[in-house]
Structures are given as structure tokens and as C-alpha cells.
Amino acid sequence: MATRRTSTQILLLSILLLTKSNFLEAAESNTDSRNVVCIERERKALLELRKGLKHPSGWLSSWVGKDCCNWTGINCSDTTGNVLKLDLKTIDVSSSFGQSEALNNRTCLGGMLNPSLLNLKYLSYLDMSGNNFQGIPIPEFIGSLKNLRYLDLSEASFNGEVGLSSLLYLDLGAMNLSKANNWFEAVNMLLSLTTLYLSSCELNGLPESLTVPYARFQIGSVYNLRTLDLSSNVINGEIKGFIDALGGCSNNTLADLDLSSDNLQGNLPDSLGKLKYLRIITENHFWNLSRLYRFASSSISKSVIFNLSRDWVPSYSLSEITVSNCQLGPGFPTWLRTQVELSQLTLSVAGISDMIPVWLSFG
């Protein structure tokens, strides 16, 4: 994995898995019903890990004895005894119960992560979230945990780089990526990725990579991507190039897209129609499109849902609206009342079962 670091350089705070699938179900099995004990090599690896960790509350005091599968935060396979899950997250008591930050720090783990983790060759789940590692780099060896599918380092004061090409779910929420100029390229290398959250990451512009021909570089090549959240950043630029990049792959499966509270400008391009699996459209998609004058949406499978709040007021005035075979109803959208420049309105098979309101006229 180390040989791919240059192509996967990305500041990482939290990586999560989309769903708990079979390997997590196995990891969460009841260790009391096992007829096997943990592997001695793995028990020693955990003890080495403990040596490097600071645990002022003493909550790793259970890490004694021969069967590490009974230790706090450890789950093993009930057939082989291999450690599958290591859950050492800390609950933030300061925010939950109004306690002091000092009290919360006394419950947090700190120190360092020992490379002995590499001896947990079947580890698929690692959660160190909510701790305080005081800005130390994410250990490079984490990228060599070949069976790792769930990694949560959120709110744990980590920094650094890591490459995990087998990731399904990547969450960098609330991490400062303002200096990560190559984040788009790094994401583009995660071909298994299904969910990407980059909300509130201080991304302040579209990557320079988007200036090259889309045939050479497209986030759309991550064709397994189902959810993309870039909300609450300060991304500037024309929305057309961005949507073009998203729809650049014919196998694109993107279903959920959130661009709310960004600074993208311009009209929604025709290439939005290439996102054929897009399921939900909210006011977030039109947050800053003040120059939008025409909107048309049609769905073959009726899978597109317009989830717009009743008190939403668009920042634009449309002249044409066409919505066909989409779920816009059941009531007539009240935001239509704000469209004083509207000259053409087509609502066909839009899921509306409502009386035509008096205000909906063009007289």
C-alpha cells in the first residue's frame, strides 16, 4: 500500500464503513459462546498496543489474562479466535452532560498506536474516535491493514496521510482540508468507495485537476459512489464543470448529492440528467444558483424525489419549469408562488393530489 501513497495523499480524520455487513456481524458475535480463545500472537500484539496508549481512567485494566477476546473493546471470531473488532472509542461526556473538558480528557485515550496492530491480520473494524492523540500523524502502517473496512478516527486529534484503496465509506467531516490541493485526485483512486462525506472541510475551490480534460480525470470514474456530501464548504466556481465531472462516467451510480452552503454559481447543466440514479433533490441543490432561469427534470423510474421545505424561498426567478415523472407532491409547492417571472409550468405525473391553488395563475 505504501507504493500508492503519492496517489492517495489525503488528510484523514475519520473513515467509516457504510453498513455493518457480514464481517461486522461476525465481529460482534457473543464471545461467551465460543469454544476457542484468542490467538497468542494477537494477544501479545494488543498488550504492545496498550503499552503505547495513555489511559488515565484505567479503562484498559481489563486487558489481563489469557483470553483477549474477553477484554474491553475486543471482539473475536467465534470459530478461529482471531481479533476482528477493536472498539476503543470514547464518549464525549463534556458535551453530553455539560461536564468540563478536563473531565472529558481524563476519559480519553492518548499516546501512540503501536505497529503491533499489523499482527491483527484479520482486523476489519477499528474505532479510536473521541480520544485525544494531540495532533500526532495517523500511523502509516494503518494503510497496510488489508482486511480493514471500518476505520473511525474522528474527533481524535489525528493528522496525516493514509491510503486505503478498499474503503467503502470515507468521512472527513469537519477536518480542515483547505491546503489539500490534491483531494480530488486522492478520492479518484478509491475505486471501491460508495459514500464520501467532505462536509465542513473548508474546501475553498474546485481542484486544479478539473482544468484538465474530463476524459483524463473525473470523479465520475469512482463509479461505485452512491453518496457525495460537499456541503458547508466555500467551494467557488461554475457548477457546470463540477456536474459534468460527476456525470462523466456512463456507469455512474450517484444517488445522493449535497452541495448546500457552497458558492457554486451558474445554471444547472444538461449533464445533471446523466446522474440517472439521483434520488433526492432538495433546496440544497439550488442554494446559490441566483442566475437560474429554467429548470427541467424527468425520471424514467419515478425515483427522483423533490424534498423541499414548505418555507423555502429560491434565490432566483424562473421563467420555465418542467417536472415530469418525479415525486414533487402531494401538495403544490408553495415556492412556486415566489416565481413571478414564470411563463411556462409543466407538472406531469408529479405525484400531486391537491386542489389547484388560487394563486397559481398567470393572469
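Among the residues of segment 1-8, at least one is at pLDDT below 50 and either in a loop (DSSP other than H, G, I, E, B) or more than 25 Å from Gly143 (Cα to Cα) (or both). Scanning segment 100-147 for residues that are at pLDDT 85 or above, outside any loop (DSSP other than H, G, I, E, B) and over 21 Å from Lys51 (Cβ atoms) turns up just one, Tyr125. Candidates are the residues of segment 49-67 that are within 32 Å of the chain's Cα centre (by Cα) and part of a helix (DSSP H, G or I); the one that is surrounded by the most Cβ atoms within 10 Å (Cβ to Cβ) is Leu49. When the strands (runs of 3 or more DSSP E) confined to segment 153-230 are screened for residues that are modelled with pLDDT of 70 or more and over 25 Å from Leu86 (Cα atoms), those reaching at least 3 such residues are found at 227-229.
The values are calculated or read from the model by the stated rules, or taken from the named source; none is laboratory data. For clarity, every value in this text was computed on a predicted model and none was experimentally measured. Glycine also receives a Cβ, built like all others from the backbone with ideal geometry; neighbour counts cover every protein chain displayed.
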